[in-house]
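The values are calculated or read from the model by the stated rules, or taken from the named source; none is laboratory data. Bear in mind that the values here come from a model prediction, so they are computed numbers and not experimental data. Don't worry about glycine lacking a Cβ; one is built from the backbone with ideal geometry, like all the others, and counts go over all protein chains shown. What goes into the accessible areas is simple: the full protein's heavy atoms, side chains included, and nothing from ligands, DNA or RNA. Shrake-Rupley method; radii C 1.70, N 1.55, O 1.52, S 1.80 Å.
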Amino acid sequence: MHPNAAMLLAVALLGNLMLPFVSAQNEPKINASDQTILSADTSGKPVILQCSLTTAHTPYHESFWMKNGQEIPSTRTEQRNTVYRITKPRADDSGEYMCVYTFVMAPNANATIEVKAKPDITGHKRSENKNEGENAMMYCKSVGYPHPTWTWRKVEGTSYTDIDNSTGRFFITNRNNYTELNILNLDINTDPGIYECNATNMIGNTAETTILRVRSRLAPLWPFLGVLAEIIILVVIIVVYEKRKRPDDFIDDDEPVGQMKTNSTNNHKDKNIRQRNTK
């Protein structure tokens with residue numbers, strides 16, 4: 001290899017090795033607030049998130065805020081120091097916040113601030129009413145960050161029975177702040193009861209319950225059977241009433257005819273007597 005070519009190759013290799021260090025030195029520097037934990041003690045107190053761009057080697061353009069990967073409207077500013085205020089923090093306000101700085105000739109730079117809170121279950125079924133043999137679905141959804149670990153169990157007096165996907169009839173599906181319990185082919189003897197969903201993260205936990213009622217297969221026929229029973233009872237009452245009527249209430253077909261004949265004969269005899277007396 002020609003000496004000059006070897007020297008050029010060595011310089012190129014050295015430049016490639018030094019590039020990450022030069023790039024790291026030229027990266028913008030951002031000072032950001034520490035993580036915040038929302039609790040009952042901080043409830044009602046505003047939470048202030050701050051970021052400050054302290055060093056930038058390229059012209060700065062503007063900054064904005066994001067929450068859980070989505071830009072927060074009306075937060076763009078040209079100031080190097082940017083503030084986002086949560087006026088009345090709730091569990092729903094928890095999440096991963098990010099201040100993002102944009103530059104004219106360089107990629108964006110950002111810093112992340114976590115706002116944490118224990119789970120708060122905001123939606124669940126209070127009750128589920130099904131017929132035996134059908135399928136039941138119960139769910140819970142929550143707010144809070146980090147996303148919780150979900151568990152289900154059945155309340156049996158003062159004890160609990162944990163539920164998992166090993167039975168073949170119970171199926172649990174978890175997706176971040178949402179959980180769902182499906183029970184297939186309901187059994188009227190073993191499945192009715194109180195079911196509890198529990199959400200737990202590093203800050204705390206919370207739980208809610210759903211009452212499952214399972215009706216007999218004949219349940220849809222109950223209205224019809226009720227009407228049928230009323231008709232039968234009414235017919236029985238009518239029959240009994242008719243049988244217990246007084247004899248005078250019934251018409252004797254022979255008696256009026258006999259009476260009419262007797263009266264007719266008597267009238268004929270009286271007429272003959274009157275005629276003889278006249279003669």
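If you keep only loop residues by DSSP, which GluC sites (Glu not before Pro) in the stretch 92-186 have at most 16 other Cβ atoms within 10 Å of their Cβ?
Sites meeting the loop and neighbour criteria: E134.
How large a share of the accessible area of the stretch 29-117, in percent, is made up of carbon and sulfur atoms when the probe is 1.4 Å and the other protein chains stay in place?
Numbers: 2340 of 5200 Å².
Carbon and sulfur atoms account for 45 percent of the accessible area of the stretch 29-117.
Ranked highest first by the average count of other Cβ atoms within 10 Å around their residues, in what order do 226-233, 50-57, 115-122 fall?
Descending packing order for the listed peptides: 115-122, 50-57, 226-233.
Number of Lys pairs in the stretch 86-225 with C-alpha atoms less than 19 angstrom apart, excluding same-chain neighbours closer than eight positions?
The result is 8.
Summing Lys, Arg as +1 and Asp, Glu as -1, what charge do residues with Cβ under 12 Å from the Cβ of L186 carry, L186 excluded? Don't jump to the answer; show the numbers that get you there.
Working: positive: K130, R169, R213, R215, R217; negative: E128, E132, E134, D187, D191.
Every neighbour counted, the sum reads 0.
So how do 61-67, 31-37 stack up, highest first, on mean other-Cβ count within 10 Å? Intermediate results must be reported in sequence, preceding the final value.
Details: 61-67: 18.1, 31-37: 14.9.
For the peptides 61-67, 31-37, the packing ranking is 61-67, 31-37.
With +1 on each Lys and Arg Cβ and -1 on each Asp and Glu Cβ, and nothing else charged, work out how big the dipole of the stretch 51-157 is about its Cα centre, in Debye to the nearest 20.
On the way: 14 positive and 12 negative charges, 59 e Å.
Magnitude of the dipole: close to 280 debye.
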